[in-house]
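Engineer: Mind looking over this structure? Questions follow.
Where a number appears in this text, it was derived from the coordinates with a stated rule and is not lab data. Note that this is a predicted model, so its numbers are computed, not measured. All Cβ positions, even for glycine, are placed from backbone atoms using ideal geometry, and neighbour counts span all protein chains on display.
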């Protein structure tokens, strides 16, 4: 291989070192030794009742969300595996779509559905002839939990149905012959057998809800604070950087432990979700079960999104496109310095930059993994996945603000952060198709007269094109929806769509609300389109994270 | 045309090739024959330039190939799994080498190569839609199309079923002879080797044990490995033979070649006679295959149907060994 190609391969490692390891190390230094000497007083401050409360709430809300999600997903998974019924694959796709939507969109959607200015409250007010909204869910644990269930339903559903679909029913049949029936069959056989899947699903949902940021900060209305929110508040509102750093360290450590546990649990599970052949439901009891579950899923998953679209199109006088039209105007009294449509431009620009960088780096990283030891490279490139977006954003602020790496004013700062978040997904999309290329294909091309770069151009590139496409869409949609890191590093003038939605949602007034809804719908459509393409392209191949 | 001089190759602790020297004439078909793991595939990869040698030289028409990269050697190599490019049609696969080397008459030479292997009308087909035999032909056409100075084939028929293999073997040889192609092929199957090659190099544990025409190999195996690998039986030592034949034989290893073994005294004074037991007989259509045990050794040989009737197994017999077929091995 020519030296230039070798250097190129090192590029992703350099990128990780500069924009991942360096910021994290900076946080470490700031947290442990802000003045250059090791100071433990700093860490002791974390043990104050306030911070301990935050930690306790973080764990409790994550546990509650996990338990609630699994309890609701279990019957749904059972019905989806057991019977095939009209709309089954649509419901499964819908649940996955919910999982990939940006947090601000989901928060906006629940706000549109059950918020004090939401569709449900409007209806109740009309029916009951009330003056004020009867449901006041903003700033309650309830709305946070419901939103978390919406988000993570797909995680539980996918893991549990995947596990069941790959299982034979021989053990159940044996238990039945031995006399087990009804709830005893569940209690003695089905649930114990399902344990590894339940544990893995629970671990993953716990991780996701433990690091929940957008949902808490938007729907919790600052009445609740998780570790993630606290890092943001300490750093941005109180400018207490050392405390934020200490909390980040706590967060990083806990995340690594949790990810490790999840990886262990995941290894015991079958990977692929096979669409099992299932019979139609028979008799009114089975149909009733199927209808109940599909009705529930439809309400949980579709109602918020429908409410969002409805809200974005309705004003005081019925249907209106006014909110969309207002996006291009800098309305007086708006919290923003620029018209919201600029944010759309910003987001698109950043998404294209992110896609370009993530594809190049992802392709190089995947090629590097093919040539060198994968045992330490693979976890290395997955690391950003185990680091919360807020921590990344915080690290950027701490590390990249002084020469030689002063990127505060660089238009590339946001795309770099997004690339970091997207890179694990891009590598995971490319690697399987790169692995599938047999070495003899490359050698054959070589013997037939293809120089090394021609081998790459003629053999590798066309054969990974499918993986590249999937990776590109991942990178694009992740960049469009990324919230935590962007909120940290975006300046008012270069705010992205999610940041603007967040700012608008936090303001009173129907104009702000309407614009937030309209922007969320734009984001919803972009991400749904990306999701549909990925599902189509991936159907032939595989690829899971 | 091609000369290998004292080629050595080591992978970790294993000496894969140990001082291999070999010469191939222009237009000659040479087969590397040996058990799996003997280094034959590595040797092909070294000639192609896919692996580097530790020691030794490879010369093409007197020019050392050291430092010439794979894609500039103008060789052909057909892989065991054929390595057809899945994203190209049959025609695009065959044209690939011509395209990479910027050779003229692309379309014409592609269709020539395809008709040479009898796949003229299948150019537009997807390679994934081809049967094993068809894939083998496309791979062959792809290797032949750029007219390589040397064509190498790694187990070309290994992934095909026995019937197809038998049909394709003479066809392959005919194509090579017609085009005057210099060929090195690799196999572990001795029948395949004798059917296709002008000369066979028998390899074992990284060495070439013997390099000769198929006829010469069978008639005069040089050592115990070659004799056993070709199915000619194991050698006996001089002491054993002296005791059994009641006649002095000085030397370490003697092969009692199956071609010289008889039940009846057919050769008169030209044969020695050993006392043994017929332990097995199997009828094989054109002749019998007999196993006779003499003391602690067993000998297998063919017995013509026209010769005298074969006794029942368990009968004591006299085994005659024609003196000319008692071969002294290294």
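Engineer: How far is helix B:132-144 tilted, in degrees, relative to the longest principal axis of the Cα atoms in chain B, given as a value from 0 to 90 rounded to the nearest 10?
Structural biologist: So the helix axis and the longest Cα principal axis differ by about 70 degrees.
Engineer: Rounded to the nearest 500 deg cm²/dmol, what is the calculated helix-only ellipticity per residue at 222 nm for chain A, with -39500 (n - 2.57) per DSSP H run of length n ≥ 4?
Structural biologist: -23000 deg cm²/dmol
Engineer: What value in Å³ per residue do you get for the convex hull of the alpha-carbon atoms in the range A:323-545? Show your work: numbers first, answer last.
Structural biologist: On the way: hull volume 31.6 nm³, N = 223.
Normalising the Cα hull of the range A:323-545 by residue number yields 142 Å³.
Engineer: Just how far, in whole angstrom, is the range B:167-188 from the range B:315-330 if you go by their alpha carbon centroids?
Structural biologist: Spelled out, the Cα-based centre of one part sits 36 Å from the other.
Engineer: Right, something else. Taking the Cα centre of each part, how many Å lie between the range A:98-174 and the range A:460-526?
Structural biologist: Taking the Cα centre of the range A:460-526 as reference, the centre of the range A:98-174 is 21 Å away.
Engineer: Just checking the output field for B:74-86: average partner chain Cβ neighbours within 10 Å of each residue's Cβ? Write out the running numbers ahead of the final one.
Structural biologist: Values: counts 3, 3, 3, 6, 2, 7, 1, 4, 3, 11, 3, 9, 7.
Per-residue shielding by partner chains comes out at 5.
Engineer: Quick one: length gained pulling residue B:270 to residue B:219 fully straight, 0.36 nm per residue minus the C-alpha distance?
Structural biologist: Result for the pair: 16.6 nm of gain on full extension.
Engineer: Given a Förster distance of 25 Å, report the FRET efficiency between residue B:328 and residue B:291 from their Cβ-Cβ distance, rounded to the nearest 0.05.
Structural biologist: Once the sixth-power term is evaluated, E becomes 0.55.
Engineer: To the nearest whole number, what is the average tally of beta carbon atoms from other chains within 10 Å of the beta carbons of peptide B:42-53? Walk me through the numbers on the way to the answer.
Structural biologist: Details: counts 0, 0, 0, 2, 0, 0, 3, 3, 6, 0, 0, 0.
That works out to 1 on average.
Engineer: Another question, if that's okay. Sorted by mean Cβ packing within 10 Å, highest first, what order do the peptides A:233-245, B:59-71 take? Mind showing how you got there, number by number?
Structural biologist: Values: A:233-245: 18.2, B:59-71: 13.6.
Final packing ranking: A:233-245, B:59-71.
Engineer: Rounded if a/c is under 1.5, else prolate if a/b is larger than b/c, else oblate: which is the range A:423-540, with a ≥ b ≥ c the root eigenvalues of its Cα gyration tensor? Please report the intermediate quantities before stating the final value.
Structural biologist: Working: a/c = 4.51, a/b = 2.94, b/c = 1.54.
Since a/c reaches 1.5 and a/b is larger than b/c, the shape of the range A:423-540 is classed as prolate.
Engineer: Could you pull the Rg and Dmax for the range A:54-204, using just the Cα atoms, both in Å?
Structural biologist: Values for the range A:54-204 (Cα only, Rg and Dmax): 19.1, 62 Å.
Engineer: Packing-wise, with mean Cβ within 10 Å as the measure, how do B:312-320, A:196-204 rank, highest first? Spell out each step's value before the answer.
Structural biologist: Numbers: B:312-320: 13.6, A:196-204: 21.4.
With the highest mean Cβ count within 10 Å placed first, the list reads A:196-204, B:312-320.
Engineer: Further, regarding this structure: Determine the principal axes of the Cα atoms in the range A:103-150, then give the extent along each, sorted from largest to smallest and rounded to whole angstroms.
Structural biologist: 33, 19, 14
Engineer: Something else: Quote the FRET efficiency, to the nearest 0.05, computed for residue B:121 versus residue B:158 with a Förster distance R0 of 30 Å and r equal to the Cβ-Cβ distance. Could the numbers behind the result be given before it?
Structural biologist: On the way: r = 27 Å, r/R0 = 0.91.
About 0.65, to the nearest 0.05.
Engineer: When only Cα pairs under 8 Å and 6 or more residues apart are kept, what is the percent relative contact order across chain A? If you can, show how the numbers build up before the last one.
Structural biologist: Numbers: 737 pairs, mean separation 119.4, N = 545.
About 22 percent, as a whole number.
Engineer: For labels at residue A:325 and residue B:104 in the simple 7 Å Cα→Cβ model, what's the distance in nm?
Structural biologist: 7.1
Engineer: For the range B:236-329, rounded, prolate or oblate, judged on the Cα gyration tensor with a ≥ b ≥ c (square roots of eigenvalues), a/c < 1.5 rounded, else prolate if a/b > b/c?
Structural biologist: Details: a/c = 1.90, a/b = 1.66, b/c = 1.14.
Prolate, because a/c is 1.5 or more and a/b exceeds b/c.
Engineer: Now for a different question. Of the listed peptides B:175-187, B:105-117, what is their order by residue-averaged count of other C-beta atoms within 10 Å, with the highest listed first? Walk me through the numbers on the way to the answer.
Structural biologist: Details: B:175-187: 19.6, B:105-117: 17.1.
Top of the packing list down: B:175-187, B:105-117.
Engineer: Any chance you could check the Cα centroid distance between the range B:16-85 and the range B:124-164 for me, in angstrom?
Structural biologist: Their Cα centres are 19 Å away from one another.
Engineer: Report the relative contact order of the range B:236-329, percent, no decimals, based on alpha-carbon pairs under 8 angstrom and at least 6 residues apart.
Structural biologist: 37
Engineer: Let me check I have the definition right: for the protein assembly as shown, take the eigenvalues of the Cα gyration tensor, multiply each by 5, take square roots. What are those semi-axes in whole Å, largest first? All intermediate terms of the calculation are to be shown ahead of the outcome.
Structural biologist: Numbers: eigenvalues 1061, 218, 148 Å².
In descending order the semi-axes read 73, 33, 27 Å.
Engineer: At q = 0.13, 0.19 Å⁻¹, what log₁₀ I(q)/I(0) does a Debye calculation on the Cα points of the range B:138-273 give, no solvent, two decimals?
Structural biologist: -0.71, -1.13
Engineer: Give me B:126, A:35, B:154 sorted ascending by neighbouring Cβ count inside 10 Å, so fewest comes first. Walk me through the numbers on the way to the answer.
Structural biologist: Working: B:126 11, A:35 8, B:154 23.
The fewest-first ordering by Cβ neighbours comes to A:35, B:126, B:154.
Engineer: Quote to one decimal, in nm, the extra length available between residue B:59 and residue B:284 on full extension: 0.36 nm per residue of separation minus the C-alpha distance between them.
Structural biologist: Working: separation 225, 0.36 × 225 = 81.00 nm, distance 4.70 nm.
Taking residue B:59 through residue B:284 to full extension adds about 76.3 nm, to one decimal.
Engineer: Subtracting the Cα-Cα distance from 0.36 nm times the residue separation, let me have the gained length for residue A:236 to residue A:68 in nm, one decimal.
Structural biologist: Numbers: separation 168, 0.36 × 168 = 60.48 nm, distance 3.25 nm.
The span from residue A:236 to residue A:68 would gain 57.2 nm if fully extended.
Engineer: With a 10 Å Cβ neighbour count serving as the proxy for reagent exposure, in which order, fewest first, do A:141, A:505, B:230 appear?
Structural biologist: Details: A:141 16, A:505 22, B:230 19.
By the 10 Å Cβ count, ascending: A:141, B:230, A:505.
Engineer: When B:294, B:90, A:257, A:309 are ordered from fewest to most other Cβ atoms inside 10 Å of their Cβ, what list results?
Structural biologist: Going from sparsest to densest Cβ surroundings: A:257, A:309, B:294, B:90.
Engineer: May I pose another question? Would you mind computing Rg(Cα) / (2.2 N^0.38 Å) for the range B:67-216, counting N as its residues? List each step's numbers first, then the result.
Structural biologist: Working: Rg = 15.7 Å, N = 150, 2.2 N^0.38 = 14.8 Å.
Cα Rg divided by the expected 2.2 N^0.38 Å: 1.06.
Engineer: Something else now. Quick check: the angle from helix B:162-179's long axis to the longest principal axis of chain B, C-alpha only, nearest 10 degrees?
Structural biologist: Value to nearest ten degrees: 60.
Engineer: Oh, and also: What does the helix-only formula give at 222 nm for chain B: each DSSP H stretch with n ≥ 4 adding -39500 (n - 2.57), the total divided by the residues, and the result rounded to the nearest 500 deg cm²/dmol? All intermediate terms of the calculation are to be shown ahead of the outcome.
Structural biologist: On the way: 9 runs with 89 residues, N = 330.
Taken over chain B, the calculation gives -8000 deg cm²/dmol.
Engineer: Moving to a separate point now. Report for the protein assembly as shown the percent antiparallel among DSSP-assigned beta bridges with both residues inside it, nearest 5.
Structural biologist: On the way: 53 of 70 bridges.
Bridges in the protein assembly as shown that DSSP calls antiparallel: roughly 75 percent.
Engineer: Would you list the P(r) distribution for chain B, with all Cα-Cα distances sorted into 20 Å bins from 0 and each bin expressed as a whole %?
Structural biologist: Reading the bins upward from 0: 27, 46, 24, 3.
Engineer: Next question. Which angle from 0 to 90°, rounded to the nearest 10, does the C-alpha axis of helix B:90-100 make with the longest principal axis of chain B?
Structural biologist: 70
Engineer: A further question on this structure: Provide the three semi-axes, in whole Å and in decreasing order, of the ellipsoid equivalent to the range A:120-239 as defined by the square roots of 5 times the Cα gyration tensor eigenvalues.
Structural biologist: Working: eigenvalues 331, 109, 21 Å².
Rounded to whole Å, the semi-axes are 41, 23, 10.
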